[in-house]
1. Between LEU9 and ILE95, how many nm apart are label points set 7 Å from Cα along the C-beta direction?
2. Sum up the charges of everything whose Cβ sits under 15 Å from the Cβ of GLY47, counting Lys and Arg as +1 and Asp and Glu as -1, but leave GLY47 out.
3. For the residue pair GLU57 and VAL45, what label-to-label distance in nm results when each label sits 7 Å from Cα along the Cα-to-beta-carbon direction?
4. For HIS76, list long-range residues whose amide hydrogen, built 1.01 Å from N in the peptide plane, is under 5 Å from its own amide hydrogen.
Amino acid sequence: MREHLAPGLLVDEVEFPVEEGKVMEFARALGDTDLDTVPLTFTAVAGHWRDQAAMVELLGLELPRIVIGGSEWEYHARLVSTVDEKCGARGTMTIIALETRFHRHDGALAVVQRDTVIELPG
């Protein structure tokens, strides 16, 4: 087990501006006029603002062995939690659960995204 990967480890913080006009365009594309009910699924783009190389280095992973194990979003407002190892036929895999929190400009929690990163055996 990688002791430096304790649950609750803050990997990074990224400010991701969300332009109101883009939210309105998204709402129109969905045929919705109520901006408060539009699910902001484009929060997935915020992950591209993160320094991916720095994240991989901080987590101590080998980039060629990484696969994405899944993502999920939990919406709280309008607008690393675990580390495991599993033995498989080819050796031990490291499984890391990451959590990204998106806040509105007023500080209210809007979206929680959870990703699972798996480092395959060497």
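What follows is calculated from the coordinates using simple rules that are stated; it is not laboratory data. In this text, all values refer to a predicted model and were calculated from it rather than measured experimentally. In this analysis, Cβ positions are derived from the backbone assuming ideal geometry, glycine residues included, and neighbour counts consider all displayed protein chains.
1. Inter-label distance under the simple model: 1.7 nm.
2. Neighbourhood net charge equals -4.
3. So the label points at GLU57 and VAL45 sit 2.8 nm apart.
4. VAL111, VAL112
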